[in-house]
Amino acid sequence: MEVLGSSQKMIATQEKMVEAKVPLAYRDQCAHLLIPLNKCHQADLYLPWKCENERHSYEKCQYELLIERMLQMQKIKERASLNHSQSKGAAFPVIPKTANA
């Protein structure tokens, strides 16, 4: 399964995520790392010094996705500003002039 606009593929299937009871908000390209992390947390009673390797790999994956989204947004903004500067007269003003002005 591939996610539109992302370079990373989904590794965890919908069936695995449903079986592991992963919340919808966390079903992203890093869900395959969240499933063993949650199992480790439950097995070790959420002790903060346990499951460090699983947590680190999950947080690194989330960070890489964030950086990828930020770069995509930067490219979109650059294209928009380039298009705006090329067609200044044709674009609608952000604040329209009133009839009395």
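Each value in this text was obtained by applying a stated rule to the coordinates, not by laboratory testing. Worth saying up front: this structure is predicted, and the values here are computed from it rather than measured. Every residue, glycine among them, receives a Cβ derived from its backbone with ideal geometry; neighbour counts consider all protein chains shown.
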Over 28 Å between Cα atoms, which of 9/77; 50/75; 21/60 qualify?
-> 50/75
Along the Cα-to-C-beta direction of residue 59, a point sits 7 Å from the Cα; which residues of segment 3-33 have their amide N less than 11 Å from that point?
-> none
Mark the label point 7 Å from the Cα of residue 72 along Cα→Cβ and return the residues of segment 23-55 whose backbone N is within less than 18 Å of it.
-> 25-32
Which order do peptides 7-16, 56-65 fall in by mean Cβ count within 10 Å, highest first?
-> 56-65, 7-16
